[in-house]
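**Student:** First, the structure itself, so that you have it in front of you.
Bear in mind that the values in this text are calculations on the coordinates, not laboratory data. Because the structure is predicted, anything quoted here is derived from the model rather than measured. Glycine gets a Cβ as well: all are built from the backbone with ideal geometry, and neighbour counts include every protein chain shown.
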Amino acid sequence: MHPSDEKPFFMRDPWVYDPEKPAQPRPDAALGFDTRALHAGFHPLENVEQFRSFVPPIVQSMTYPYTSFDKFPDYIYGRSKTPTVSILEERLAALEGGEGAVSAGSGSQALFNLVFTIARPGDNVVTSLNTFGEGYKQAATIFPERCNVQFRFVKDYGNPAAWDRAIDRKTRLVWVETPSNPCLQVTDIAAVAEVAHARGAPLLVDNTTATAALQKPLELGADLILLSLTKFLAGNATVLGGAIVGPEGLVEDVRWNTTEFVGAILQPFEAWLMLQYLETLSLRMERHSSNAQKVAEFLAAHPRVRHVNYTGLPAHPQHELASRQMSAGGGLLSFIVPGGMAGAEIVMNSVRLVVHAVTFGTSRTSCMHPRTITHEHMTQEERDEAGIDDGLIRLSVGLENPEDIIRDLDQALARL
Ligand SMILES: Cc1ncc(COP(=O)(O)O)c(C=O)c1O
């Protein structure tokens with residue numbers, strides 16, 4: 001029989017979440033995080049016959065030879081998967097502790113690919129307003145209007161019973177972002193996982209702001225991870241990418257639905273760059289966190305700052321929960337200056353070292369105004385609920401010497 005006579009992969013039954021089937025532990029689970037960041041998916045000695053290379057190779061080929069008429073090769077065409085991207089996917093899965101991973105051209109695309117794969121018209125996704133701007137736009141417009149997949153926004157996100165009430169038998173996914181961008185709200189992963197599982201729904205955690213170096217949602221009960229590679233994982237704004245980590249069956253469904261058939265892929269060179277950057281992830285996250293802690297303390301004590309959102313400050317309303325879920329506070333914070341939009345404008349026009357830019361998670365400190373840049377589309381009522389004050393400035397604390405960042409912010413705040 002020729003392999004093409006077997007039932008094609010896209011005619012198989014789609015992945016369905018089964019609370020009775022826990023994810024399998026990874027074979028490399030005994031290795032430490034930093035060891036996995038260096039070796040998962042590619043070890044120079046294990047791959048010596050194939051590549052004779054110390055570092056993972058870039059295989060920049062978009063088509064692959066068949067060695068025999070009656071056998072499909074592992075790699076066929078660039079739209080399904082390519083070797084360097086596979087190494088990266090294996091490494092991301094290893095860092096999060098998941099069975100597998102499927103990458104995408106951006107974090108936003110990874111979210112789209114996942115929801116598009118698991119939800120059908122009439123289904124729903126339960127989330128809150130504590131999500132990144134483009135995710136909210138997909139949830140509020142694209143999916144409901146184009147696919148008849150509704151998103152329900154839980155208001156009282158700190159209360160597991162509120163999540164429980166929002167979930168019904170048409171819920172295909174519960175999605176939380178913690179800590180959230182830009183207000184650093186923290187959601188209790190274990191508590192929401194418990195209510196989601198009791199109602200037969202999988203929990204997706206967006207781990208972009210903390211990264212697996214500081215937070216392991218799968219160990220806390222989550223089933224799926226959403227990642228933007230563009231932020232701390234790359235760490236320098238030179239790659240746009242995303243991924244979903246989770247059970248093999250789901251990963252394969254996403255791969256065929258949205259990479260193979262639609263072409264929503266990550267390219268080999270970007271994957272290769274990411275492999276270099278991930279090697280230093282935990283070192284960078286430690287320094288981002290210690291710098292951000294110092295900057296947050298400076299801002300919290302500053303007379304011209306009305307409020308600071310940072311999980312590492314004891315004054316953060318969920319500081320105790322954040323300390324249980326995360327090993328450090330991470331590099332992202334936000335703060336409110338007096339004078340609303342005008343106050344934010346003065347500070348953002350006055351910084352000299354800190355760069356006004358839309359991304360976060362880079363080695364250079366950057367600031368951004370959520371009210372006008374990422375959350376401009378929300379209604380005023382939604383912004384009030386989500387904590388997007390007109391004077392809110394998001395600060396991604398980089399790897400510079402912290403006293404230089406503080407000095408720059410101090411001179412900018414003095415102009416208020
Ligand atoms: C928490 C979070 N997740 C996902 C994304 C989407 O990532 P990308 O910019 O790679 O599409 C973002 C982008 O801001 C984000 O902040």
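**Student:** Taking N as the number of residues in the stretch 3-106, what is its Cα Rg relative to 2.2 N^0.38 Å?
**Tutor:** In units of the 2.2 N^0.38 Å rule of thumb, it is 1.27.
**Student:** For a footprinting-style exposure proxy, rank ARG12, ARG304, ARG352 by other Cβ within 10 Å, fewest first.
**Tutor:** ARG352, ARG12, ARG304
**Student:** If r is the Cβ-Cβ distance from GLU219 to SER4 and R0 is 45 Å, what FRET efficiency results, to the nearest 0.05?
**Tutor:** 0.65
**Student:** Starting from the Cα of THR238, step 7 Å along the direction of its Cβ; do the same at GLU252; then give the gap between the two resulting points in nm.
**Tutor:** Placing both labels 7 Å beyond Cα along the Cβ direction yields 3.6 nm.
**Student:** Using Cα pairs under 8 angstrom and six or more residues apart, how large is the relative contact order of the chain, in percent?
**Tutor:** The value is 17 percent.
**Student:** Taking Cα pairs under 8 Å and at least six residues apart, what relative contact order does the stretch 228-331 come out at, in percent?
**Tutor:** 22 percent
**Student:** Where does helix 268-278 land angle-wise versus the long Cα axis of the chain, in degrees 0 to 90, nearest 10?
**Tutor:** 50 degrees
**Student:** Mean separation of Cα pairs under 8 Å and 6+ residues apart, divided by the residue count of the stretch 1-157: what relative contact order is that in percent?
**Tutor:** Once divided by the residue count of the stretch 1-157, the mean separation gives 19 percent.
**Student:** Quick check: net charge around GLY107, other residues with Cβ under 9 Å of its Cβ, Lys/Arg +1 and Asp/Glu -1?
**Tutor:** For residues surrounding GLY107, the net value is -1.
**Student:** If you fit an axis through the alpha-carbon atoms of helix 340-350 and take the longest principal axis of the Cα set of the chain, what angle between them do you get, 0 to 90°, nearest 10?
**Tutor:** In the chain, helix 340-350 runs at an angle near 80 degrees to the longest axis.
**Student:** Moving to a separate point now. Set the bar at 29 Å for Cα to Cα. Now go through LYS7/LYS81; LYS71/LYS170; LYS155/LYS216; LYS81/LYS216; LYS21/LYS71; LYS137/LYS231 and name every pair that lies beyond it.
**Tutor:** Flagged as over cut-off: LYS71/LYS170; LYS21/LYS71.
**Student:** Any chance you could run the full-extension gain for ASP410 through THR35? It's 0.36 nm times the residue separation minus the Cα-Cα distance, nm to one decimal.
**Tutor:** 131.0 nm
**Student:** Give the order of ASP390, ASP206 when sorted by the count of other beta carbons within 10 angstrom, beginning with the fewest.
**Tutor:** The order, fewest Cβ neighbours first, is ASP390, ASP206.
**Student:** Scale the Cα Rg of the stretch 282-413 by the rule-of-thumb value 2.2 N^0.38 Å and send over the ratio, two decimals.
**Tutor:** 1.00
**Student:** Per-residue counts of other Cβ atoms within 10 Å, averaged by peptide: what ranking do you get for 307-317, 237-247, highest first?
**Tutor:** Result, highest mean first: 237-247, 307-317.
**Student:** For the Cα atoms of the chain, what angle does the longest principal axis make with the long axis of helix 402-413, in degrees from 0 to 90, nearest 10?
**Tutor:** 50 degrees
**Student:** Hey, with R₀ at 60 Å, roughly what FRET efficiency would GLU382 and PHE69 work out to, going by the Cβ-Cβ distance, to 0.05?
**Tutor:** Given R0 = 60 Å and the Cβ-Cβ separation, E is 0.55.
**Student:** Also, I was wondering about something else. Starting from the 7 Å offset along Cα-to-Cβ, what nm value, one decimal, do you get for the label separation of PHE51 and SER80?
**Tutor:** 2.1 nm
**Student:** Right, another one. Taking the Cα atoms of the chain, report the difference between the largest and smallest coordinate on each principal axis, in whole Å and largest first.
**Tutor:** 76, 50, 36
**Student:** Can you work out D for the stretch 99-234 in µm² s⁻¹ from Stokes-Einstein, where Rh is the Kirkwood radius over C-alpha pairs, the temperature is 37 °C and the viscosity is 0.692 mPa s?
**Tutor:** 223 µm²/s
**Student:** A follow-up question, please. Using a simple charge model, +1 on the beta-carbon of Lys and Arg, -1 on the beta-carbon of Asp and Glu, nothing else, what dipole does the chain show about its Cα centre, in debye to the nearest 20?
**Tutor:** Using only the charged Cβ atoms, the result is roughly 600 debye.
**Student:** Also, I was wondering about something else. Can you tell me the length gained on complete extension of the stretch ASN401 to ARG364, counting 0.36 nm per residue apart and subtracting the Cα distance?
**Tutor:** Result for the pair: 12.3 nm of gain on full extension.
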